[in-house]
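The values are calculated or read from the model by the stated rules, or taken from the named source; none is laboratory data. Since we're looking at a predicted model, the values are computed, not measured. Glycine also receives a Cβ, built like all others from the backbone with ideal geometry; neighbour counts cover every protein chain displayed. Accessible surface areas use protein heavy atoms only, side chains included; no ligands, DNA or RNA. Shrake-Rupley method; radii C 1.70, N 1.55, O 1.52, S 1.80 Å.
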Amino acid sequence: MTASEILDRSPLVVYLLPILHLGVCLAIWFGHINTGWQYLLMIDFPFSVVLAGLMFAGVNQLLSFGILGTLWWYVLSLAARRFLRTANTRKGG
């Protein structure tokens, strides 16, 4: 079974990374883990540059990382699904 077939059979795979990201953000927020935001900066790079700018502007960390970072991972997941589908159709599958 190819990656494209997995995505076609289970569209919820696209939501896996965004849900994990949001869960980590909530765990950091509710657990008061101050160093957790630094790890998310590394994980969310290159988008974290925008997120860090929002933090310095006074925007709540949960709002900036939790919502915008989760949207970032959702867009990446959609792009990966589209790439895999295009690669599969070009291959003739």
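How many residues are open to solvent by 80 Å² or more (accessible area, probe 1.4 Å), touching a residue at least 40 places away in the same chain (Cβ under 8 Å) and within 18 Å of residue 17 (Cα to Cα) if we restrict to the stretch 68-86? Explain how you work it out, then say what you get.
Within the stretch 68-86, the first condition is being open to solvent by 80 Å² or more (accessible area, probe 1.4 Å), and the residues that meet it are 71, 75, 82-83, 85.
Within this subset, residues satisfying the condition of being touching a residue at least 40 places away in the same chain (Cβ under 8 Å) are 71, 85.
Adding the requirement that they be within 18 Å of residue 17 (Cα to Cα) leaves 71.
Going through the stretch 68-86 one residue at a time, the tally reaches 1.
Scanning the stretch 6-48 for residues that are open to solvent by less than 80 Å² (accessible area, probe 1.4 Å), part of a helix (DSSP H, G or I) and modelled with pLDDT under 75 yields 6, 7, 11. Count of the stretch 49-64 residues, restricted to those that are in a helix (DSSP H, G or I) and under 23 Å from residue 76 (Cβ atoms), is 11. Take residue 59 and decide whether it is surrounded by fewer than 14 Cβ atoms within 10 Å (Cβ to Cβ) and of a type in the set (A, V, I, L, M). Judged against the criteria, residue 59 is not a match. Close contacts from the stretch 47-67, counting a first residue that is free of Cβ contacts under 8 Å to residues at least 60 places away in the same chain and basic (Lys, Arg) and a second that is assigned to a helix (DSSP H, G or I) and open to solvent by 50 Å² or more (accessible area, probe 1.4 Å), with Cβ to Cβ under 6 Å and a gap of 6+ residues or different chains, come to none at all.
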